[in-house]
Amino acid sequence: MTVSDLPTLYRAHLSTIKARVDLALEKGGFDHLLVASGVEKYEFLDDRPYPFKPNAQFKAWLPLTRHPHCWIAYTPGRRPVLVYFQPDDYWHVPPSAPEGVWVDEFDIRVISDPAEAVKHLPASGKAAILGETDAALPGFEPNNPKAVIDFLHFHRAFKTGYELDRMRAAQRRAVPGHLAAHAAFQAGASEMQVHAAYLAATGHTDLDLPYTNIVCLNAHAAVLHYQYKDAAAPDRHRTLLIDAGAEVDGYASDITRTWSNGDSGFAELVAAVDDEQQALCARVRAGTDYRDLHLECHLRLGGVLRNLGIVDMDPGDMLAQGVTSTFFPHGLGHPIGLQVHDVAGFSDENGQLIPRPDGHPYLRMTRTLAPGMVVTIEPGLYFIPTLLSKLKATPQAKAVNWDKVDALLPYGGVRIEDEVHCTDAAPENLTRDAFASLP
Ligand code: GLY
Ligand code: MN
Ligand code: MN
């Protein structure tokens, strides 16, 4: 892939988007699609805006991520209009003149006042208007028709060549951050310092990361979405669990790595989870029900618990009796793309729910894998005091080696997370490829 291929990929992407929208509008009985990029939101009784996050339906058309008050107006068969907001603002850096691979594909109308957009939106016909309520303009209130949204969301799971290219780039942006984080851990850094090393290596600020980095030292690794970053380094560095991504042109990566300091017991656990994670990545094949893969993950992790002498039970019994869920209390993964937890993980083209397996309330994907989908594969094993104390009160507690559990508590847990592209043949592991491509 060279940079010069990007315009070709983008044009093909836009054709796919238009073809999907044509069908979605027909399904919903609409003449036009209008998409609002969104508006900045302000803190209550203050003049400080929250970080702007664009409507993902807008980002699907073109890589504008810092652009409130813009609109796309599309009528099947016609060149899409982009209403491009470029205020005369000396307090902030206004959006620069439109540039990029997408410019030639739109009829661009520059406005300096958000209200001017109405002059460029269709005056007649029935419009599906996608956007948040706050983006409404007189006569153009977002209606977010379910039939249109369900159809577009369902198809967004199938990435175009352009999207895959941008997602590979988002992996390559994140990987140097993971390597820098590991080096900082080895050098005895605090969580805050690990985080700073990650930001410096990826060129991200906190505000433009696709999600808040999860940076856990030691027992904090047991907190699935640990939200703080301690300024002080611990006395001893046992574990680094870092769940951190990057963004390129509006597309996210979402990578977790767990590092041990070599302590036996925990290092073995990390290696065993890594082995199972890679085996699961290899199972991302067209026709596989992601729910089955999630259940297979439980069985594999049950095997790890048994092999390492942590739980003395058959893995199938562990799954059936909820024991694996104590140590692996989240889902195998989720779709990813324009959003980290991308839409439509649970529904068919008509928005019908595809249910989760009973007893697995946190699984974020229930669809059957098909070529073009990109999903995360993120098994983990954790030592979470509140869940362990519940297990201790059950008959299954007698199968647990509590001395081993107590010895592992200060290490928190392990999660390994990659993004995997389902193809017609062998899966493409976007994350491992990015690690392998860097020195
Ligand atoms: N970073 C959140 C997740 O892995 O889903
Ligand atoms: Mn994830
Ligand atoms: Mn993650």
Just check the stretch 60-142 against the gyration tensor rule for me: Cα atoms, a ≥ b ≥ c as the square roots of the eigenvalues, rounded for a/c under 1.5, and otherwise prolate or oblate depending on whether a/b exceeds b/c. oblate
From the square roots a ≥ b ≥ c of the eigenvalues of the alpha-carbon gyration tensor of the stretch 167-284, which class results: rounded (a/c under 1.5), prolate (a/b over b/c), or oblate? oblate
So for the stretch 1-134, using the alpha carbon gyration tensor with a ≥ b ≥ c as root eigenvalues (a/c under 1.5 gives rounded; past that, a/b versus b/c decides prolate or oblate), I'd call it oblate
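Kirkwood hydrodynamic radius, the stretch 272-339, all distinct C-alpha pairs: what's the number in Å?
12.7 Å
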Specify the inter-centroid distance of the stretch 92-147 and the stretch 157-235, based on alpha-carbon positions, in whole Å. 34 Å
Between the stretch 272-293 and the stretch 360-439, the Cα center-to-center distance that results, in Å: 11 Å
Would you mind counting up the charge near Pro355? Only other residues with Cβ under 15 Å from its Cβ, with Lys and Arg at +1 and Asp and Glu at -1. 0
Quick calc: nm separation of the 7 Å Cα→Cβ label points for Glu40 and Thr423 -> 4.4 nm
Using a 10 Å cut-off around each Cβ, can you sort His178, His220 from fewest to most neighbouring Cβ atoms? His220, His178
In percent, how large is the relative contact order of the chain, given Cα pairs closer than 8 Å and 6 or more residues apart? 15 percent
Order by neighbour count: His155, His69, His341, fewest other Cβ atoms within 10 Å first, most last. His341, His155, His69
Along the Cα-to-Cβ line of Ala286, 7 Å from the Cα, sits a label point; which residues in the stretch 369-386 have backbone N less than 18 Å from it? 369-375
Counting only helical runs of four or more DSSP H residues, what would the 222 nm mean residue ellipticity of the chain come to if each run contributes -39,500 (n - 2.57) and the total is spread over all its residues? -10000 deg cm²/dmol
Provide the FRET efficiency to the nearest 0.05 for the Arg66-Leu438 pair, computing r from the beta carbons and using R0 = 25 Å. 0.35
Those lysines that a straight Cα-Cα span of less than 26 Å connects to Lys392, excepting residues fewer than 8 apart in one chain: Lys404
Give me D for the chain in µm² s⁻¹, whole number, from Stokes-Einstein with Rh from the Kirkwood sum over alpha-carbon pairs, 25 °C and 0.890 mPa s. 105 µm²/s
Violating pairs (Cα-Cα greater than 22 angstrom) within the set Lys18/Lys159; Lys41/Lys229; Lys18/Lys146: Lys41/Lys229
Furthest towards positive pole of dipole, Val101, Pro68, His155, structure part the chain, Cβ charges: His155
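Coordinate-derived values only; no laboratory data. Predicted, not measured: the structure shown is a model, and the values here were computed from it. Cβ coordinates were reconstructed from backbone atoms using ideal geometry, including for glycine residues, and neighbour counts include every protein chain displayed.
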